[in-house]
Amino acid sequence: MPVAQSLLPYEYDALEPHISKRTMEFHYDKHHRSYVDKLNALIEGTDYDDLSLEQVIDKARLEGDTAILNNALQAWNHGFLWQSMSPGGSDRPEGTIMNMIESDFGSLDGFFERFTKVALEQFGSGWAWLVLDAGKLRVIRTGNAESPVGTHQIPLLTLDVWEHAYYLDYQNERKRYVETFLTKLVNWDFAAALMKAADQPKAA
Ligand code: MN
């Protein structure tokens, strides 16, 4: 069975004025869809065929199937990206996640600075992430398709820093795009729910 493209959890214009409808149409309908389509073309009729997207990622990492891995990661990363943003802007994080932000980054501003720095340091295409790593929050960057999914680092938020994610709205101003994401778009409820789930004992 083919891997399905994860649904956009809001309308194409829901993130305006920060991310335009036009960007979302290109990003979801062309870029994201093309990774899913390429992945499905690569796995059709192989022993990847009836696996979930996460299982495809694990198997392709293990077996070094680079083309499958890259397209599967990009399919997953984009689904995670859509959920990392919320229409109408973000409330401040609160509760456990805010306490951890304060202990691991000093303050919410400290986190914003760290995330911005890391997102700007990513040379060329890639992603910036907030992850939970052995009980601590960390900001990391990954190049091209690479992703913490399926590793010991649990992703809580991501931002796409490929130019296709921001060029129509921000041209080359990656910094302004990153700052807008942090102050206007982050879905803290999503990150907090993932952190809570990560703390729970695994079902047998
Ligand atoms: Mn993208």
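The values are calculated or read from the model by the stated rules, or taken from the named source; none is laboratory data. Quick caveat, the model's predicted, so the values are computed rather than measured. In this analysis, Cβ positions are derived from the backbone assuming ideal geometry, glycine residues included, and neighbour counts consider all displayed protein chains. To get the accessible areas, we keep the full protein, side chains included, count just its heavy atoms, and leave off ligands, DNA and RNA. Shrake-Rupley method; radii C 1.70, N 1.55, O 1.52, S 1.80 Å.
Among 29-38, 147-156, 94-103, the peptide with the highest mean count of other Cβ atoms within 10 Å heads the list, and the full ranking is 147-156, 29-38, 94-103. A 1.4 Å probe run over the protein chains yields, for the range 21-84, 47 Å² of accessible area per residue, whole-number rounding. Taking amide H positions as modeled 1.01 Å from N, with prolines and chain starts lacking one, the residues under 5 Å from ASN187 and 5 or more places away or on another chain are MET85, SER86.
A cut-off under 12 angstrom between Cβ atoms defines the neighbours of LYS184, and their net charge, with Lys, Arg +1 and Asp, Glu -1, is -2. Note on THR96 and SER34: their simple-model spin labels are 4.0 nm apart, each label 7 Å out from Cα toward Cβ. Placing a pseudo-label 7 Å from each Cα along the Cα-to-Cβ vector at LEU120 and TYR167 gives an inter-label distance of 2.2 nm.
By definition, a body whose alpha carbon gyration tensor gives a ≥ b ≥ c is prolate when a/c is 1.5 or more and a/b is larger than b/c, and the range 21-84 fits this prolate description. Around the amide H of GLY126, modelled in the peptide plane, lie the amide H atoms of ASN144, VAL161, TRP162, all under 5 Å away and 5 or more residues distant in sequence or on another chain. Largest first and in whole Å, the equivalent-ellipsoid semi-axes of the range 95-198 read 22, 16, 12, each the square root of five times a Cα gyration tensor eigenvalue. The phi-based Karplus calculation (6.51 cos²θ - 1.76 cosθ + 1.60; θ = phi - 60°) puts the 3J(HN,Hα) values of the range 157-164 at 8, 9, 10, 7, 10, 5, 4, 4 Hz, whole numbers, x for Gly and Pro. The residues of the range 95-198 expose, per residue, 45 Å² of accessible area to a 1.4 Å probe. Our coupling estimate for the range 174-179, obtained by passing each phi through the Karplus curve with A = 6.51, B = -1.76, C = 1.60 and θ = phi - 60°, is 4, 4, 5, 5, 5, 5 Hz, Gly and Pro reported as x. On the range 21-84, 49 percent of the accessible area sits on carbon and sulfur atoms, based on a 1.4 Å probe.
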